[in-house]
Amino acid sequence: MARSTTIKLGDPGFTLVEVLVCAVLLAIGFLALVAAFGHESVCAQRGEDAVLATFLADEIRDLALQMAFADVFALDAAPYNPAILSTGASAGLADWSQHVTILALSAMDLAAAMPEGSATAARLTVEVRRHSKPVLVQTYYIFNMQGVPFTDDS
């Protein structure tokens with residue numbers, strides 16, 4: 001009597017190919033996760049740099065607002081390296097610098113440049129750099145409030 005052997009489809013267990021495919025997919029997922037964590041730390045550092053750069057630009061603006069309007073133009077083309085605070089003291093950040101540009105304007109037309117002596121407004125642009133690489137460029141407008149009613153300078 002001949003004995004017949006039958007093979008059943010769907011035997012339990014995994015083939016070697018299935019195990020290898022699963023291992024490759026897990027490795028790709030793990031590498032993507034590691035890369036995401038690395039990218040997150042870079043983004044967090046850039047965010048911290050942007051916050052600090054904004055603070056340093058605001059410090060130059062505050063310094064200019066403490067000055068008489070005519071004296072603000074002395075800040076033009078002044079690099080502050082290391083960065084300074086609005087008090088004029090060093091911010092204690094050796095790798096940060098502030099680069100200032102002032103343009104004399106007419107308060108009636110902020111697009112019209114004019115001589116410093118007759119200017120009624122000024123455009124203050126502060127470029128903040130870290131390790132000599134630009135991080136932020138911020139622009140402010142300052143107005144001559146001398147003689148304007150209802151101000152401290154009238």
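The values are calculated or read from the model by the stated rules, or taken from the named source; none is laboratory data. From a predicted model like this one, the values you see are computed outputs, not experimental measurements. In this analysis, Cβ positions are derived from the backbone assuming ideal geometry, glycine residues included, and neighbour counts consider all displayed protein chains.
Quick notes on this structure:
- Annotation note: of 35, 27, 50, 57, the sole residue that is surrounded by 10 or more Cβ atoms within 10 Å (Cβ to Cβ), at pLDDT below 90 and either in a helix (DSSP H, G or I) or under 26 Å from the mean Cα position of the chain (by Cα) (or both) is 35.
- Residue in segment 134-141 that is under 21 Å from residue 45 (Cα atoms) and aromatic (Phe, Trp, Tyr) present: no
- Subset of segment 85-105 (residues that are assigned to a strand (DSSP E or B) and out of contact with any helix residue (DSSP H, G or I) (no Cβ under 7 Å at 6 or more places or on another chain)): 90, 97, 99, 101, 103, 105
- Number of positions in segment 77-124 that are free of Cβ contacts under 8 Å to residues at least 24 places away in the same chain and of a type in the set (D, E, K, R): 2
- Residue 129 being basic (Lys, Arg), closer than 14 Å to residue 64 by Cα, out of contact with any helix residue (DSSP H, G or I) (no Cβ under 8 Å at 6 or more places or on another chain) and in contact (Cβ under 8 Å) with a residue 12 or more places away in the chain: no
- In the set 17, 72, only one residue is surrounded by 12 or more Cβ atoms within 10 Å (Cβ to Cβ) and either without any contact (Cβ under 8 Å) to a residue 12 or more places away in the chain or in a helix (DSSP H, G or I) (or both); that residue is 72.
- Those strands (runs of 3 or more DSSP E) of segment 106-152 in which 1 or more residues are surrounded by 17 or more Cβ atoms within 10 Å (Cβ to Cβ) occupy 121-130, 133-143.
- Here residue 11 does not qualify as surrounded by 10 or more Cβ atoms within 10 Å (Cβ to Cβ), modelled with pLDDT under 95 and of a type in the set (Asp, Glu).
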